[in-house]
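K.L.:
Take a look at this one; I'll ask things after.
The values are calculated or read from the model by the stated rules, or taken from the named source; none is laboratory data. The model shown is predicted, which means the values in this text are computed figures rather than measured ones. Counting neighbours? That spans all protein chains shown, and the Cβs are built from the backbone with ideal geometry, glycine included.
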Amino acid sequence: MSLDRRDFLKLGLGACLLPFIGSARSETLISEHMYVFGTLVDVEVSATDEMAARRAIDAVAQDFMIQNKDWHAWKRGALSDLNIALAAGRMHVADLELLTLLQEVTVLARASNGLFNPAIGGLVSAWGFHNDLPLDGPPPAKIELERWRQTPPTMDDLIIEGNMISSRNRALRLDLGGYAKGVALNRALDRLATLGFNDALVNLGGNLAVAGKHGDRPWRIGIRHPQGSGALAAVEVSGRTAVVTSGTYERYRDYEGHRYHHIIDPRTGQPAQHVASATVIHRDAARADVAATALVVAGMKDWPQIACSMGIDNVMMVDDEGRVQLTAAMARQVRFLESPLAIKVVSLA
Ligand code: AMP
Ligand code: MG
């Protein structure tokens, strides 16, 4: 099998229409790119009716825009309204959609042993990551982190009674940044399937989910090299599958020779150490999204235990030196395009 690296780097802008070469069906690949969730988004579907496909992609784009508003951690919308109420110690009436999301993410957060903690929005904000602008300046003052560590909020501090939400901990601020894209990926594939498109790929800034096939072959997905600009590896996936990567390269600030990235270890209040990226393959993109973030926090020693507890068996971890650890399931599926410094297959048992 020969893999063309250009297949993996679908970063071009604008819409394009690519006929399947060698496909027996008269389907074409309809592809649209957009910017939402603060990232480049790419939706591709294979279709015989181009207009119907473009309408379906438009429907997905509309969903993304609504989700981006409703689930945004710091811009005005359903979640930030809730955060304002919690900060003021008030009870807040939430709609069913947000309640369901919070209940589902709480289950995942518990499965991660609290390493994924969407209640730490205040901490993420203190590190300056609730901001669209390029970051600079020093990290939060030690005293601020110390104060935070004394009463760290978790999802178990939330009190949900009917559709009313309140918090036992006034420091609790919700940030679904490590989960919402996964939910959006699931919903996008659901929406496309409902509209009759069962062969599709959705890429939210490097977090991908696919359904069906790419013509007569599986979808080919590149996994970014955390220390480079190209692909480190590639996987072939088909059917309903998500390939989600959390990388410390995604957002960071540099200050006096130190790099501070956006994935925070709730135990220390500091950016997680030593992991450059975690890639998870799983059917459910929301679980994969949470797990990828949690595994960065878990670190190069403890990640297998957290993967097990989250029901994840297909993982690739890259450390900050470029060394790779992966599960047996990932080792069977992945193809390296660059040679890592070291590769170790780790047992989850
Ligand atoms: P991801 O790109 O999926 O790894 O998510 C990273 C985002 O999740 C960050 O930008 C924060 O908004 C948020 N975040 C950072 N650390 C954590 C954590 N330990 N638990 C939950 N969310 C986090
Ligand atoms: Mg995530």
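K.L.:
Working only within the stretch 246-265, note down all residues that are within 18 Å of the chain's Cα centre (by Cα) and of a type outside the set (Asp, Glu).
P.N.:
Correct list: SER246, GLY247, THR248, TYR249, ARG251, TYR252, HIS261, HIS262, ILE263, ILE264.
K.L.:
A further question follows. I'd like the full set of residues that are within 9 Å of ligand 1 (Cβ to nearest atom) and either touching a His at 6+ places or on another chain (Cβ under 9 Å) or closer than 15 Å to TRP148 by Cβ (or both), limited to the stretch 105-124.
P.N.:
GLY114, ASN117, ALA119, ILE120, GLY121, LEU123, VAL124
K.L.:
Check GLN62, GLN150 and return the single one that is polar (S, T, N, Q), modelled with pLDDT of 95 or more and away from ligand 1 (no atom under 16 Å from the Cβ).
P.N.:
GLN62
K.L.:
For the stretch 217-269, what are the residues that are under 20 Å from VAL315 (Cα atoms), among the acidic types (Asp, Glu) and part of a loop (DSSP other than H, G, I, E, B)?
P.N.:
Across the stretch 217-269, the qualifying residue is only GLU250.
K.L.:
Out of all the residues in the stretch 250-264, is one or more under 23 Å from LEU185 (Cα atoms), free of Cβ contacts under 8 Å to residues at least 60 places away in the same chain and not aromatic (Phe, Trp, Tyr)?
P.N.:
yes
K.L.:
What are the residue pairs meeting all of these: first residue in the stretch 235-248, first residue of a type in the set (Lys, Arg), second residue in a strand (DSSP E or B) and surrounded by fewer than 24 Cβ atoms within 10 Å (Cβ to Cβ), Cβ atoms under 9 Å, and 6 or more apart or on different chains?
P.N.:
Every condition considered, the pairs that remain are ARG240/ALA211.
K.L.:
Can you tell me how many residues within the stretch 264-285 are of a type in the set (A, V, I, L, M), within 16 Å of ILE306 (Cβ to Cβ) and either in contact with a Lys or Arg (Cβ under 9 Å, 6 or more places away or on another chain) or surrounded by fewer than 22 Cβ atoms within 10 Å (Cβ to Cβ) (or both)?
P.N.:
1
K.L.:
Is it fair to say ALA331 is among the aliphatic types (A, V, I, L, M), surrounded by 15 or more Cβ atoms within 10 Å (Cβ to Cβ), without any contact (Cβ under 8 Å) to a residue 40 or more places away in the chain and over 24 Å from PRO271 (Cα atoms)?
P.N.:
The answer is yes for ALA331.
K.L.:
Going by the structure shown, is THR327 of a type outside the set (A, V, I, L, M), within 14 Å of ligand 2 (Cβ to nearest atom), closer than 19 Å to SER112 by Cβ and touching a strand residue (DSSP E or B) at 6+ places or on another chain (Cβ under 9 Å)?
P.N.:
Criteria not met by THR327.
K.L.:
Filter the stretch 274-300 down to the residues that are hydrophobic (A, V, I, L, M, F, W, C) and part of a helix (DSSP H, G or I) and list them by number.
P.N.:
Those that are hydrophobic (A, V, I, L, M, F, W, C) and part of a helix (DSSP H, G or I): ALA285, ALA286, ALA288, VAL290, ALA291, ALA292, ALA294, LEU295, VAL296, VAL297, ALA298, MET300.
K.L.:
Go through (1) surrounded by fewer than 16 Cβ atoms within 10 Å (Cβ to Cβ); (2) away from ligand 2 (no atom under 16 Å from the Cβ) for LEU86 and report which single condition fails.
P.N.:
(1)
K.L.:
Limited to the stretch 314-349, what total is found for residues that are within 17 Å of the chain's Cα centre (by Cα) and of a type outside the set (Val, Ile, Thr)?
P.N.:
Going through the stretch 314-349 one residue at a time, the tally reaches 3.
K.L.:
Looking for something at pLDDT below 95, surrounded by 17 or more Cβ atoms within 10 Å (Cβ to Cβ) and either within 18 Å of ARG110 (Cα to Cα) or under 19 Å from the mean Cα position of the chain (by Cα) (or both) - is there at least one such residue anywhere in the stretch 190-206?
P.N.:
Checked the stretch 190-206: at least one residue is at pLDDT below 95, surrounded by 17 or more Cβ atoms within 10 Å (Cβ to Cβ) and either within 18 Å of ARG110 (Cα to Cα) or under 19 Å from the mean Cα position of the chain (by Cα) (or both).
K.L.:
Since LEU295 meets every condition but one in (1) modelled with pLDDT of 95 or more; (2) on the phi > 0 side of the Ramachandran plot, which condition does it not meet?
P.N.:
Failing condition for LEU295: (2).
Table: residues versus (1) closer than 19 Å to ALA180 by Cβ; (2) in contact with a strand residue (DSSP E or B) (Cβ under 8 Å, 6 or more places away or on another chain); (3) charged (D, E, K, R).
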position	(1), (2), (3)
ILE264	yes, yes, no
GLN270	no, yes, no
GLN273	no, yes, no
ASP289	yes, yes, yes
ALA292	yes, yes, no
TRP303	no, yes, no
SER309	no, no, no
ARG335	no, yes, yes
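K.L.:
Anything in the stretch 190-212 that is away from ligand 2 (no atom under 16 Å from the Cβ) and in contact (Cβ under 8 Å) with a residue 60 or more places away in the chain? List them, or say none.
P.N.:
Across the stretch 190-212, the qualifying residues are ARG191, LEU192, LEU195, GLY196, PHE197, ASP199, ALA200, LEU201, GLY212.
K.L.:
If you don't mind, another one. From (1) surrounded by fewer than 18 Cβ atoms within 10 Å (Cβ to Cβ); (2) closer than 16 Å to ARG287 by Cβ, pick out the condition that doesn't hold for GLU144.
P.N.:
Going through the list (1) surrounded by fewer than 18 Cβ atoms within 10 Å (Cβ to Cβ); (2) closer than 16 Å to ARG287 by Cβ, GLU144 breaks only (2).
K.L.:
List the number of the failed condition for VAL93; all other conditions in (1) more than 16 Å from ligand 1 (Cβ to nearest atom); (2) closer than 29 Å to GLU32 by Cβ hold.
P.N.:
Of (1) more than 16 Å from ligand 1 (Cβ to nearest atom); (2) closer than 29 Å to GLU32 by Cβ, only one is false for VAL93: (2).
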